[in-house]
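Colleague: One structure, pasted below without further comment.
The values are calculated or read from the model by the stated rules, or taken from the named source; none is laboratory data. Keep in mind that this is a model prediction, so the values were computed, not measured. All Cβ positions, even for glycine, are placed from backbone atoms using ideal geometry, and neighbour counts span all protein chains on display. With ligands, DNA and RNA removed, areas are computed over all heavy atoms of the protein, side chains included. Shrake-Rupley method; radii C 1.70, N 1.55, O 1.52, S 1.80 Å.
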Amino acid sequence: LLAFAVTGAREAWVQFSIGRGPVGRTYGSVRADHATSTGVVAEGSSIYSSWSGSAKGCGSALLGSLALGATLGAALHFRRPVTGVRSLKHRTARAADGEYDYDLFTIGGGSGGVRMSRWSASQYGAKTAVAELPFGIVSTKDSMGGLGGTCVIRGCVPKKLLIYGSHLPEEINDAAGYGWTWPENCKPVVDWDQLLAAKDAEVMRLNGIYGRLLSDTQVKFMEGYARVLDAHTVEINGEKHTAKYICVATGCRASVLNIPGANLPGVITSDEALALPKQPKKLVVLGGGYIAVEFAGFFHGYGTEVHLVYRGDYPLRGFDQDIQEHLAEVLKAKGIHIHAGESPTSIEETSSGELLMKTDKGNEFVADNIMFATGRQPNSADLGLESVGVDLNPKNGSILVDEYSKTSVDSIYSIGDVTNRMQLTPVALMEAMALSKTLFGGEPTKPEYDLVPSAVFSQPPCGSCGLTEAKAAKKYGSVDVYVTKFKPMKHTMPTGRGEEERIMLKMVVISEGFDGAGRVVGCHMVGHEAGEMMQGIGVAMKAGATKADFDATVGIHPTAAEEWCTMRSKTRTTTAADVSSE
């Protein structure tokens, strides 16, 4: 009554809830219409579908008052707008009704877990809680973690910050090609302590923001190690909490190979590499994946002698072959020591306190640190999952889920890296929002994994969206391939770094005569700002862009990006038969 009499409008809405009664909780809204001076109940449950002078069922007095208020507000002709909360028509009532403590309990406060919890609370009114370990720059299995998870604290964000800084010596050297001079023997020196302190300060700032995101949406944050006791119960810090749904979003942890000496001091993973108290003079990076090439690149940029050792023929196994080959060439041109087709067999300490690594080829490497970037293990052990019937992948321990992120237990769901579907932070966010909509929005939603753009922040970076040439040929029968390589305009000036910064662009298009002919199904790049370009290209591909669409688009000149619109000459056609053995 007060809402409409005091802040009424020509047509105003106010939302309401009727408390527990014989028919449970009811939600709805009342509209005041100035022209007709009537009140109408809408957006409610089936209990109260309309009002026309009398109310039905329990809560009739309240409903009648609201209707009267609507009429009074309209009659008073107030013009001030009414603002209110968003519709609560999908809000769950189970936690409020006392059946469970929470509608959703999420184990894991990384990007996916936080998004799942706060989105369910803010958009659908769910009562949610999140459990996460205490903050630590370097994580442990059961005592150190922190809100924001791997990406924010010891992954994407700090890595990218260090990558930015590692480019500065190159930029200073490039200046000479543009006429800049400085005193002889003048050389910048990095203050490692200051660098890490600045990085840690930013990480802690973001960690605090994640905490505020939870508190601002009334999500209960519990700090500690959580375990699942049964299909609806979680234990943390000795206390039990029940929930209609449990979501496991515990991510992955870096793993090391089981070889002698793998646990020696100075043998590290990406976690410790981002927090080394002293910059290594010489570093061996084991692995050829995206973490390996990214860390090799930025340590090299700061002046460390870097040796990249991997068992395959090229880095970035699983990426398009042209990306693999081109990146290997430019990494060598930059001065990173590449050792392909080689695996470590043992590590030992030297008398001088360094580390000695031996390989299956008989080679020996002496270094200050040896970094394992040989894979990540889903963080699913010792959570009580198997004891309550949640199925895990016997090979890697990842949580098995269906297309709606549901595990083998109906009330337990899982998202993010721990499911080993597509280990990317934005994908975990997508999975979180899809699951939130499925559980609380009344709209079952599957995460969409097609045409997810991605970037590798190697030096130079790589970008990719869609299928590799081989996978596209197998799927569609035949594809036309367009490839161009060129020196970036910046290095046409005498910087001396043209070869190490050469750009490669590649487009994969379904061939004429095959279903979907002309559609672009793969774009791949090595070169400056590859990630920035691939984000826009991902939008175009998601919209179904064809080669003709790219050709018809006017490029921005002079940029490297315009080359996506000027690749007219086909490099080759690849058929399914050509790649049948791959």
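Colleague: Output the residues belonging to segment 136-149 that are touching a Pro at 6+ places or on another chain (Cβ under 8 Å) and either open to solvent by less than 20 Å² (accessible area, probe 1.4 Å) or closer than 22 Å to residue 209 by Cβ (or both). Let's see the steps before the verdict.
Modeller: Initial filter on segment 136-149 (touching a Pro at 6+ places or on another chain (Cβ under 8 Å)): 143-146.
Residues satisfying the conditions are 144, 145, 146.
Colleague: Scan segment 442-477 for residues that are of a type in the set (Ser, Thr, Tyr), more than 17 Å from residue 535 (Cα to Cα) and surrounded by fewer than 19 Cβ atoms within 10 Å (Cβ to Cβ) and jot them down.
Modeller: Scanning segment 442-477 gives a single hit, 445.
Colleague: Residue under question is residue 507, and the condition is that it be within 19 Å of the chain's Cα centre (by Cα) and either free of Cβ contacts under 8 Å to residues at least 40 places away in the same chain or crowded, with 17+ Cβ neighbours inside 10 Å (or both); does it hold?
Modeller: Numbers: within 19 Å of the chain's Cα centre (by Cα): no; either free of Cβ contacts under 8 Å to residues at least 40 places away in the same chain or crowded, with 17+ Cβ neighbours inside 10 Å (or both): yes.
No; evaluated as a whole, the condition is false for this residue.
Colleague: Would a scan of segment 150-170 turn up a residue that is open to solvent by 70 Å² or more (accessible area, probe 1.4 Å), in a helix (DSSP H, G or I) and charged (D, E, K, R)?
Modeller: No, segment 150-170 has no match at all.
Colleague: So which residues in segment 257-275 are open to solvent by less than 20 Å² (accessible area, probe 1.4 Å), among the hydrophobic types (A, V, I, L, M, F, W, C) and in contact with a strand residue (DSSP E or B) (Cβ under 7 Å, 6 or more places away or on another chain)?
Modeller: Residues satisfying the conditions are 262, 268, 273.
Colleague: If I ask for residues that are closer than 21 Å to residue 575 by Cα and among the β-branched types (Val, Ile, Thr), which ones from segment 441-477 would you list?
Modeller: Answer for segment 441-477, where residues must be closer than 21 Å to residue 575 by Cα and among the β-branched types (Val, Ile, Thr): just 468.
Colleague: Applying the selection to segment 186-226, what residues are assigned to a strand (DSSP E or B) and in contact with a Leu (Cβ under 6 Å, 6 or more places away or on another chain)? Break it down stepwise before answering.
Modeller: So the first thing to find is which residues in segment 186-226 are assigned to a strand (DSSP E or B), and the list is 220-223, 226.
221, the sole residue that qualifies.
Colleague: In addition: Given the residues 106, 181, which is the only one that is open to solvent by 60 Å² or more (accessible area, probe 1.4 Å) and either outside any helix (DSSP H, G or I) or within 18 Å of residue 209 (Cα to Cα) (or both)? So that I can check it myself, show each step before the final result.
Modeller: Details: 106 fails: open to solvent by 60 Å² or more (accessible area, probe 1.4 Å).
Going through 106, 181 in turn, just one is open to solvent by 60 Å² or more (accessible area, probe 1.4 Å) and either outside any helix (DSSP H, G or I) or within 18 Å of residue 209 (Cα to Cα) (or both): 181.
Colleague: Take the conditions at positive phi and not hydroxyl-bearing (Ser, Thr, Tyr) and apply them to residue 353. Does it pass? Steps first, answer last, please.
Modeller: Working: at positive phi: yes; not hydroxyl-bearing (Ser, Thr, Tyr): yes.
So residue 353 fits the description; yes.
Colleague: Might you let me know whether segment 541-549 holds any residue that is crowded, with 17+ Cβ neighbours inside 10 Å, assigned to a helix (DSSP H, G or I) and not aromatic (Phe, Trp, Tyr)?
Modeller: For segment 541-549, residues crowded, with 17+ Cβ neighbours inside 10 Å, assigned to a helix (DSSP H, G or I) and not aromatic (Phe, Trp, Tyr): present.
Colleague: Condition first: in contact (Cβ under 8 Å) with a residue 40 or more places away in the chain and either assigned to a loop (DSSP other than H, G, I, E, B) or among the small types (Gly, Ala, Ser) (or both). Now tell me which residues in segment 360-370 satisfy that.
Modeller: 367, 368, listed by residue number.
Colleague: Note down all Cβ pairs under 7 Å where the first residue falls in segment 472-501 and is assigned to a helix (DSSP H, G or I), the second is surrounded by 15 or more Cβ atoms within 10 Å (Cβ to Cβ) and of a type in the set (Asp, Glu), and they're at least six residues apart or on different chains.
Modeller: If the second residue must be surrounded by 15 or more Cβ atoms within 10 Å (Cβ to Cβ) and of a type in the set (Asp, Glu), the pairs left are 473/578; 491/501.
Colleague: Step by step: first the residues of segment 402-440, then only those that are over 17 Å from residue 107 (Cα atoms) and among the hydrophobic types (A, V, I, L, M, F, W, C), then the one that is surrounded by the fewest Cβ atoms within 10 Å (Cβ to Cβ). Which residue is that?
Modeller: 422
Colleague: So, residue 332, is that one part of a strand (DSSP E or B), open to solvent by 60 Å² or more (accessible area, probe 1.4 Å) and either of a type in the set (D, E, K, R) or at positive phi (or both) or not? Spell out how you get there, then give the answer.
Modeller: Values: part of a strand (DSSP E or B): no; open to solvent by 60 Å² or more (accessible area, probe 1.4 Å): yes; either of a type in the set (D, E, K, R) or at positive phi (or both): yes.
Judged against the criteria, residue 332 is not a match.
Residue-wise test of (1) out of contact with any helix residue (DSSP H, G or I) (no Cβ under 8 Å at 6 or more places or on another chain); (2) among the β-branched types (Val, Ile, Thr).
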site	(1), (2)
265	yes, no
285	no, yes
298	no, no
303	no, no
306	no, yes
309	yes, yes
318	yes, no
329	yes, no
339	yes, no
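Colleague: Say whether the condition of being farther than 30 Å from residue 407 by Cα, hydroxyl-bearing (Ser, Thr, Tyr) and modelled with pLDDT of 95 or more is met by at least one residue in segment 299-308. Step through it out loud before you land on a result.
Modeller: Just the residues of segment 299-308 that are farther than 30 Å from residue 407 by Cα, to begin with: 299-308.
From the residues that got through so far, the ones that are hydroxyl-bearing (Ser, Thr, Tyr) too are 302, 304.
Now narrow it down to the ones that are modelled with pLDDT of 95 or more: 302, 304.
Yes: one or more hits.
Colleague: Kindly indicate which of 320, 313 is open to solvent by less than 10 Å² (accessible area, probe 1.4 Å), at pLDDT 95 or above and either closer than 14 Å to residue 372 by Cβ or out of contact with any Leu (no Cβ under 8 Å at 6 or more places or on another chain) (or both). Lay out the reasoning, then the answer.
Modeller: Working: 313 fails: open to solvent by less than 10 Å² (accessible area, probe 1.4 Å).
So the residue among 320, 313 that is open to solvent by less than 10 Å² (accessible area, probe 1.4 Å), at pLDDT 95 or above and either closer than 14 Å to residue 372 by Cβ or out of contact with any Leu (no Cβ under 8 Å at 6 or more places or on another chain) (or both) is 320.
Colleague: Among the numbered criteria (1) free of Cβ contacts under 8 Å to residues at least 24 places away in the same chain; (2) touching a strand residue (DSSP E or B) at 6+ places or on another chain (Cβ under 6 Å); (3) open to solvent by 60 Å² or more (accessible area, probe 1.4 Å), which one does residue 397 miss?
Modeller: With respect to (1) free of Cβ contacts under 8 Å to residues at least 24 places away in the same chain; (2) touching a strand residue (DSSP E or B) at 6+ places or on another chain (Cβ under 6 Å); (3) open to solvent by 60 Å² or more (accessible area, probe 1.4 Å), residue 397 is out only on (3).
Colleague: Just checking, which of 460, 447, 426 is assigned to a loop (DSSP other than H, G, I, E, B), of a type outside the set (D, E, K, R) and within 17 Å of residue 539 (Cα to Cα)?
Modeller: On the way: 460 fails: within 17 Å of residue 539 (Cα to Cα); 426 fails: assigned to a loop (DSSP other than H, G, I, E, B).
On inspection, the qualifying residue turns out to be 447.
Colleague: If you don't mind, there's one more thing I want to ask. Tell me which residues, restricted to segment 184-217, are among the β-branched types (Val, Ile, Thr) and either open to solvent by less than 70 Å² (accessible area, probe 1.4 Å) or in contact with a helix residue (DSSP H, G or I) (Cβ under 6 Å, 6 or more places away or on another chain) (or both).
Modeller: Taking segment 184-217 as the starting set, the residues that turn out to be among the β-branched types (Val, Ile, Thr) are 189-190, 203, 209, 217.
Selection gives 190, 203, 209, 217.
Colleague: Could I ask something else about it? Taking residue 242 as meeting all but one of (1) surrounded by fewer than 16 Cβ atoms within 10 Å (Cβ to Cβ); (2) of a type in the set (Ser, Thr, Tyr); (3) more than 26 Å from the chain's Cα centre (by Cα), write down the number of the exception.
Modeller: Checking residue 242 against (1) surrounded by fewer than 16 Cβ atoms within 10 Å (Cβ to Cβ); (2) of a type in the set (Ser, Thr, Tyr); (3) more than 26 Å from the chain's Cα centre (by Cα), the one that fails is (1).
Colleague: Kindly establish whether residue 122 is under 30 Å from residue 199 (Cα atoms), of a type in the set (Ser, Thr, Tyr) and either in contact with a Pro (Cβ under 6 Å, 6 or more places away or on another chain) or modelled with pLDDT of 95 or more (or both). Can you show your working first?
Modeller: On the way: under 30 Å from residue 199 (Cα atoms): no; of a type in the set (Ser, Thr, Tyr): yes; either in contact with a Pro (Cβ under 6 Å, 6 or more places away or on another chain) or modelled with pLDDT of 95 or more (or both): yes.
Considered against the rule, which asks whether it is under 30 Å from residue 199 (Cα atoms), of a type in the set (Ser, Thr, Tyr) and either in contact with a Pro (Cβ under 6 Å, 6 or more places away or on another chain) or modelled with pLDDT of 95 or more (or both), residue 122 comes out as no.
Colleague: Could you say whether any residue in segment 277-288 is closer than 30 Å to residue 313 by Cα, polar (S, T, N, Q), over 21 Å from the mean Cα position of the chain (by Cα) and buried (at least 16 other Cβ atoms within 10 Å of the Cβ)?
Modeller: Going residue by residue through segment 277-288, those that are closer than 30 Å to residue 313 by Cα are 279-288.
If we keep only those that are polar (S, T, N, Q) too, we end up with 279.
With the extra rule that they be over 21 Å from the mean Cα position of the chain (by Cα), the set shrinks to 279.
This time we only want the ones that are buried (at least 16 other Cβ atoms within 10 Å of the Cβ), so: 279.
Yes.
Colleague: Let me ask you something else. Can you spot a residue in segment 371-386 that is free of Cβ contacts under 8 Å to residues at least 60 places away in the same chain, part of a helix (DSSP H, G or I) and either out of contact with any Asp or Glu (no Cβ under 9 Å at 6 or more places or on another chain) or farther than 30 Å from residue 279 by Cβ (or both)?
Modeller: Yes: one or more hits.
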